[in-house]
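Contents: one structure, followed by commentary.
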Ligand code: C2E
Ligand code: CA
Ligand code: CA
């Protein structure tokens, strides 16, 4: 299915808003890949693409789609918001990813601040020269790195000061497991991330009471069905 979708240009993006807590204003979007006419979610096809060597191609398709969307909004005279792109750990072996990304942005006249990369901690386990070089270059080019899915996996704080991250995205499981019964866990996690000089986005917020608690705990941004699920770019006003 992944192979066919590549051949038939069947991948497209949906965009989910990221909302600033205080003003409830949209300050960014996360891009999420979909396959046209297939009832198959990225949780299913991304691991397959990673395992069978298609993720390099999918990573570039994601970049093309997102930069083209930014260019379209720019041409329409709209105020741009940064769009986050998911960067799979396997893409670290794609030697020309950074060149490709920079080339696409330059070609469409998109300033680097409008593209963000979401990485997961698994990329950091392997403290290779290549990983460090890739991150260093991205940050020097003004591209923000956000740590995705914090709260799943090991969630170690040890490496947080050593990589140039701006933002930590807390996984939905943190909200689900702690917010109602043990809110101090969430409050303290937010406070540690702030002490490290980073911004907190909490994911998977579906209800108003969760939003209110998170605001009280100092959360910066929220991404969740409460403020909108992923939609086509044409549905964003
Ligand atoms: P993710 O990066 O953690 O993306 C957030 C997922 O949570 C999305 O699922 C989103 O639709 C869902 N979500 C957001 N708010 C809520 C909420 O309030 N409640 C619930 N129940 N879910 C919410 P989606 O689009 O199915 O994507 C699943 C995963 O697939 C992503 O998790 C990401 O790891 C991967 N993925 C998606 N697009 C791409 C891509 O372009 N490249 C790569 N490498 N991975 C991608
Ligand atoms: Ca993500
Ligand atoms: Ca996530």
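The values are calculated or read from the model by the stated rules, or taken from the named source; none is laboratory data. Owing to the predicted nature of the structure, the values given are computational and were not obtained by experimental measurement. Using ideal geometry, Cβ is built from the backbone for each residue, glycine included, and neighbour counts are taken over all protein chains shown.
Structural remarks
- Count of residues meeting criterion [loosely packed, with under 13 Cβ neighbours inside 10 Å and more than 14 Å from ligand 3 (Cβ to nearest atom)] in segment 133-156: 6
- Within segment 6-55, the set of residues being closer than 19 Å to residue 233 by Cβ and assigned to a helix (DSSP H, G or I) comprises just one member, 42.
- Between 126, 121, the distinction of being at pLDDT below 90 and within 13 Å of ligand 2 (Cβ to nearest atom) belongs to 121 only.
- Candidates in segment 214-225 are the residues that are buried (at least 16 other Cβ atoms within 10 Å of the Cβ) and under 15 Å from residue 24 (Cβ atoms); of these, the one that is nearest to the chain's Cα centre (by Cα) is 223.
- Given (1) touching a residue at least 60 places away in the same chain (Cβ under 8 Å); (2) within 16 Å of ligand 3 (Cβ to nearest atom), number of the condition residue 174 does not satisfy: (1)
- Scanning segment 37-70 for residues that are under 28 Å from residue 109 (Cβ atoms) and either within 16 Å of ligand 3 (Cβ to nearest atom) or in contact with a strand residue (DSSP E or B) (Cβ under 9 Å, 6 or more places away or on another chain) (or both) yields 58, 59, 61, 62, 63, 65, 66, 67, 69, 70.
- Test: residue 181 is without any contact (Cβ under 8 Å) to a residue 24 or more places away in the chain, more than 16 Å from ligand 1 (Cβ to nearest atom) and either surrounded by 14 or more Cβ atoms within 10 Å (Cβ to Cβ) or over 21 Å from residue 230 (Cα atoms) (or both): yes
- The residues of segment 117-171 that are away from ligand 1 (no atom under 13 Å from the Cβ) and in contact (Cβ under 8 Å) with a residue 60 or more places away in the chain amount to a single one, 144.
- Residue in segment 186-209 that is closer than 22 Å to residue 66 by Cα and out of contact with any helix residue (DSSP H, G or I) (no Cβ under 6 Å at 6 or more places or on another chain) present: yes
- Looking across segment 30-89, just one residue is within 13 Å of ligand 2 (Cβ to nearest atom) and farther than 24 Å from residue 134 by Cβ, and that is 43.
- From 29, 45, 87, residue being in contact (Cβ under 8 Å) with a residue 12 or more places away in the chain, within 30 Å of residue 218 (Cβ to Cβ), touching a helix residue (DSSP H, G or I) at 6+ places or on another chain (Cβ under 8 Å) and buried (at least 17 other Cβ atoms within 10 Å of the Cβ): 87
- With respect to the stated conditions, residue 189 is away from ligand 3 (no atom under 13 Å from the Cβ), more than 30 Å from residue 110 (Cβ to Cβ) and either within 16 Å of the chain's Cα centre (by Cα) or buried (at least 19 other Cβ atoms within 10 Å of the Cβ) (or both).
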